[in-house]
Amino acid sequence: EHRALPYLVAANPVNFGRPMRLTTVEAFAAALCILGERDHAERALAKFTWGETFLELNDEPLRRYAACADSSEVVSIQREYLERGAD
């Protein structure tokens, strides 16, 4: 089945600040955070100078997504972030 990560902002030097333009390691770390494995995400990102920045930029949404009970809650939170960006 097709799966997608919710709205997050890139910290990598090529796409810094651009939404949904994550590197593979950013996407992997985001998935780990959402699944409650933040310590593993930190270790995966530790090899990159911008790794900690990714977690800082996305701290609130990653924590909120991780607390969701189901995908409908994730979509609702994602909608909030998308509407903020449209303002």
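Out of everything in region 31-60 that is under 11 Å from Leu8 (Cβ atoms) and open to solvent by less than 60 Å² (accessible area, probe 1.4 Å), what residue ends up being nearest to the chain's Cα centre (by Cα)?
Step one: of region 31-60, the residues under 11 Å from Leu8 (Cβ atoms) are 31, 33-34, 54-55, 57-60.
If we keep only those that are open to solvent by less than 60 Å² (accessible area, probe 1.4 Å) as well, we get 31, 33-34, 54-55, 58-59.
Numbers: Ala31: 7, Cys33: 8, Ile34: 8, Phe54: 8, Leu55: 8, Asn58: 6, Asp59: 8 Å.
Looking at residues that are under 11 Å from Leu8 (Cβ atoms) and open to solvent by less than 60 Å² (accessible area, probe 1.4 Å), I get Asn58.
Could you say whether any residue in region 15-30 is among the small types (Gly, Ala, Ser) and touching a strand residue (DSSP E or B) at 6+ places or on another chain (Cβ under 7 Å)?
Kept after step one, since they are among the small types (Gly, Ala, Ser), are these residues of region 15-30: 17, 27, 29-30.
Filter again for touching a strand residue (DSSP E or B) at 6+ places or on another chain (Cβ under 7 Å), leaving 17.
Yes, region 15-30 contains a residue that is among the small types (Gly, Ala, Ser) and touching a strand residue (DSSP E or B) at 6+ places or on another chain (Cβ under 7 Å).
Looking at region 1-30 only, could you name the residues that are more than 18 Å from Tyr81 (Cα to Cα), assigned to a helix (DSSP H, G or I) and open to solvent by less than 80 Å² (accessible area, probe 1.4 Å)? Talk me through it step by step, then tell me what you get.
Residues of region 1-30 that are more than 18 Å from Tyr81 (Cα to Cα), as a first pass: 1-3, 12-15, 23-26, 28-29.
Subset that is assigned to a helix (DSSP H, G or I): 24-26, 28-29.
Matches in region 1-30: Val25, Glu26, Ala29.
Which residues, counting only those in region 74-87, are open to solvent by 80 Å² or more (accessible area, probe 1.4 Å) and of a type in the set (D, E, K, R)?
Of the residues in region 74-87, the ones open to solvent by 80 Å² or more (accessible area, probe 1.4 Å) are 79, 82-84, 86-87.
Passing the criteria: Arg79, Glu83, Arg84, Asp87.
The values are calculated or read from the model by the stated rules, or taken from the named source; none is laboratory data. Note that the coordinates shown come from a computational prediction; the quantities given were computed from them, not determined experimentally. A quick note on method: Cβ atoms are made from the backbone with ideal geometry, for glycine too, and the neighbour counts reach across all protein chains shown. Note: areas computed on protein heavy atoms with side chains; ligands, DNA, RNA excluded. Shrake-Rupley method; radii C 1.70, N 1.55, O 1.52, S 1.80 Å.
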